[in-house]
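Reviewing the structure listed below.
The values are calculated or read from the model by the stated rules, or taken from the named source; none is laboratory data. Nothing here was measured: the structure is a model prediction, and the numbers come from that model. Quick reminder, even Gly has a Cβ in these numbers, built from the backbone with ideal geometry, and neighbours come from all protein chains shown. The area values use the complete protein model at the heavy-atom level, side chains included, leaving out ligands, DNA and RNA. Shrake-Rupley method; radii C 1.70, N 1.55, O 1.52, S 1.80 Å.
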Amino acid sequence: MTIDLRSDTVTKPTKGMLDAMMQAKVGDDVFREDPTVNELEKRIANMFGKSDALFFPSGTMANQTALKLHTNPGDQVICDKYAHIYNYESGGASFNSGISCKLIDGNRGMFKAAQVLEAINPDAYYYSQTSLVEIENTTNKGGGACWDFNEIETIKTLCDENNLGFHLDGARIWNALVSKNETTQQYGNVFDTISVCLSKGLGCPIGSVLVGDSEIMKKAIRIRKIFGGNMRQAGYLAAAGLYALDNHIERLSEDHKKAKGIGETLTKLSIIKTVEPVETNIVIFQLNPDVNETAFVQKLADKNIYIISMGSNKLRMVTHLDYTDAMHDKLLSALLE
Ligand SMILES: *Cc1c(COP(=O)(O)O)cnc(C)c1O
């Protein structure tokens, strides 16, 4: 039995999902004639109370498109130092949009409205023009932490007062919604654009969706084309997304429960210094300084258990759809051995 906890992206489509994909009605999406893509986009737009949605091959492309929609070259986006758009999108913000990131020194990838206010550049020509605030929920590098929605609303007010766009990288928004009992509508009310991943906790093989209202979204399809993200009979992929929306959202609470269990077990081990609070499906922990990180990871790998290093002596485990109860029992006993 192989236990792969490196990411929630390692899942493979279930039988039900594969069946839905094989039965999809498709057409050429470049002509906007793929009925399944159109259905997925309409459904996700409605969920968030937005008029438009666009299907993307990756979350990175959806975020990069959002950055381009909200900014002009030379502008600045305010985001956390842990932000995916800053750390894990290959410098795309500068390459694709010619913008820089003003990094906030937040806590587990989250920050306060007061820090946003400090980060907005004055309106003088020699400053970069601040045009966008971007946050991530749940935070990836922050260990699956969930934002306090009141803080998000306060930041939204600041954005309005300062004429700034507000983008949510919601790659794992589904985990936050389930964990905090929040709704897609409340997020749609606050953000101008939201990117959501179907390929993480929801278990699809591919796909992200960007939502927003028509005024900002009207250029999104052109930008996606410039990035080379136009697709043809993509309905086979969109069908997986529709299936996941019906079948794989509520069950995320099982991933969260298992992640909590892992966190509790790790806390008992003398070789572990700290375990970050587990709120969703990500567990980040730190070994004692005298424990060799590579040896620890290798010892687990020898037992067919795979986890990844996040740098700075931090290790990460992510629970997901393909992480079964049997694997969970085996992992917990392997950790305690
Ligand atoms: C995974 C992820 C993305 C997008 O990833 P892709 O691999 O490009 O689909 C964006 N933001 C966050 C926070 C993520 O975890």
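Condition test on LEU242, is it over 30 Å from ALA93 (Cβ atoms) and in the same structural domain as ASN150 (by TED's automatic domain parsing)? Yes; evaluated as a whole, the condition is true for this residue.
Quick one: which of THR267, THR294, THR274, THR280 is hydroxyl-bearing (Ser, Thr, Tyr) and touching a helix residue (DSSP H, G or I) at 6+ places or on another chain (Cβ under 8 Å)?
Details: THR267 fails: touching a helix residue (DSSP H, G or I) at 6+ places or on another chain (Cβ under 8 Å); THR294 fails: touching a helix residue (DSSP H, G or I) at 6+ places or on another chain (Cβ under 8 Å); THR274 fails: touching a helix residue (DSSP H, G or I) at 6+ places or on another chain (Cβ under 8 Å).
Checking each option against the conditions leaves just THR280.
If you go through region 33-63, how many residues are in contact (Cβ under 8 Å) with a residue 12 or more places away in the chain and either within 9 Å of the ligand (Cβ to nearest atom) or not in a helix (DSSP H, G or I) (or both)?
Initially, region 33-63 is screened for residues in contact (Cβ under 8 Å) with a residue 12 or more places away in the chain, giving 34-37, 39-41, 43-45, 47-63.
If we keep only those that are either within 9 Å of the ligand (Cβ to nearest atom) or not in a helix (DSSP H, G or I) (or both) as well, we get 34, 48-63.
Here the count works out to 17.
Looking across region 295-337 at every residue that is under 27 Å from the mean Cα position of the chain (by Cα) and among the hydroxyl-bearing types (Ser, Thr, Tyr), the one that is farthest from LEU252 (Cα to Cα) is identified as SER312. When restricted to residues that are open to solvent by 40 Å² or more (accessible area, probe 1.4 Å) and within 16 Å of the ligand (Cβ to nearest atom), region 144-177 contains 0.
Within region 171-186, does at least one residue satisfy the condition of being within 20 Å of LEU252 (Cα to Cα) and in a strand (DSSP E or B)? Within region 171-186 (the criterion being within 20 Å of LEU252 (Cα to Cα) and in a strand (DSSP E or B)), the answer is no, since none of the residues qualifies.
Just the residues that are surrounded by 14 or more Cβ atoms within 10 Å (Cβ to Cβ) and among the charged types (D, E, K, R), please, taken from region 308-337. Answer for region 308-337, where residues must be surrounded by 14 or more Cβ atoms within 10 Å (Cβ to Cβ) and among the charged types (D, E, K, R): LYS314, ARG316, ASP322, LYS330.
Which one is nearest to the ligand (Cβ to nearest atom), of the residues in region 64-87 that are over 20 Å from ASN163 (Cα atoms) and in a helix (DSSP H, G or I)?
Filtering region 64-87 down to residues over 20 Å from ASN163 (Cα atoms) leaves 64, 81-87.
Checking the rest, the ones that are also in a helix (DSSP H, G or I) come to 64, 84-87.
Numbers: GLN64: 9, HIS84: 4, ILE85: 7, TYR86: 11, ASN87: 9 Å.
Ranking the candidates gives HIS84 first.
Kindly provide the set of residues from region 193-226 that are more than 13 Å from ALA171 (Cβ to Cβ), in contact with a helix residue (DSSP H, G or I) (Cβ under 7 Å, 6 or more places away or on another chain) and either more than 12 Å from the ligand (Cβ to nearest atom) or part of a strand (DSSP E or B) (or both), ordered by number. Walk me through it before giving the result.
At the first step, the residues of region 193-226 found to be more than 13 Å from ALA171 (Cβ to Cβ) are 193, 203, 205-206, 211-226.
Of the ones still in play, those that are also in contact with a helix residue (DSSP H, G or I) (Cβ under 7 Å, 6 or more places away or on another chain) are 193, 203, 205-206, 211, 216, 219-220, 223-224.
Passing the criteria: THR193, GLY203, VAL211, ILE216, LYS219, ALA220, ILE223, ARG224.
Residues in region 1-25 that are open to solvent by 50 Å² or more (accessible area, probe 1.4 Å) and part of a loop (DSSP other than H, G, I, E, B): 7 in all.
Please enumerate the residues belonging to region 152-170 that are in a helix (DSSP H, G or I) and over 18 Å from the mean Cα position of the chain (by Cα).
Residues of region 152-170 in a helix (DSSP H, G or I): 152-161.
Across region 152-170, the qualifying residues are GLU153, THR154, ILE155, LYS156, THR157, LEU158, CYS159, ASP160, GLU161.
Inclusion of ASP105 among residues that are open to solvent by 40 Å² or more (accessible area, probe 1.4 Å) and without any contact (Cβ under 8 Å) to a residue 24 or more places away in the chain is not warranted.
Across region 33-47, what is the total count of residues that are under 24 Å from GLU215 (Cβ atoms) and open to solvent by 80 Å² or more (accessible area, probe 1.4 Å)? It would help to see each step written out before you state the result.
Of region 33-47, the ones under 24 Å from GLU215 (Cβ atoms) are 37-47.
Filter once more, keeping what is open to solvent by 80 Å² or more (accessible area, probe 1.4 Å): 39, 42, 46.
So the answer is 3.
Among the residues of region 296-307, those that are within 18 Å of LEU269 (Cβ to Cβ) and either open to solvent by less than 60 Å² (accessible area, probe 1.4 Å) or assigned to a loop (DSSP other than H, G, I, E, B) (or both) comprise PHE296, VAL297, LEU300, ALA301, LYS303, ILE305, ILE307.
Scanning region 274-292 for residues that are among the polar types (S, T, N, Q) and part of a strand (DSSP E or B) yields THR274, GLN286. The set of residues in region 128-143 that are open to solvent by 10 Å² or more (accessible area, probe 1.4 Å), part of a loop (DSSP other than H, G, I, E, B) and more than 11 Å from the ligand (Cβ to nearest atom) comprises SER128, GLN129. Evaluated against (1) among the aliphatic types (A, V, I, L, M); (2) surrounded by fewer than 21 Cβ atoms within 10 Å (Cβ to Cβ); (3) free of Cβ contacts under 8 Å to residues at least 40 places away in the same chain, VAL30 falls short on exactly one condition, (3).
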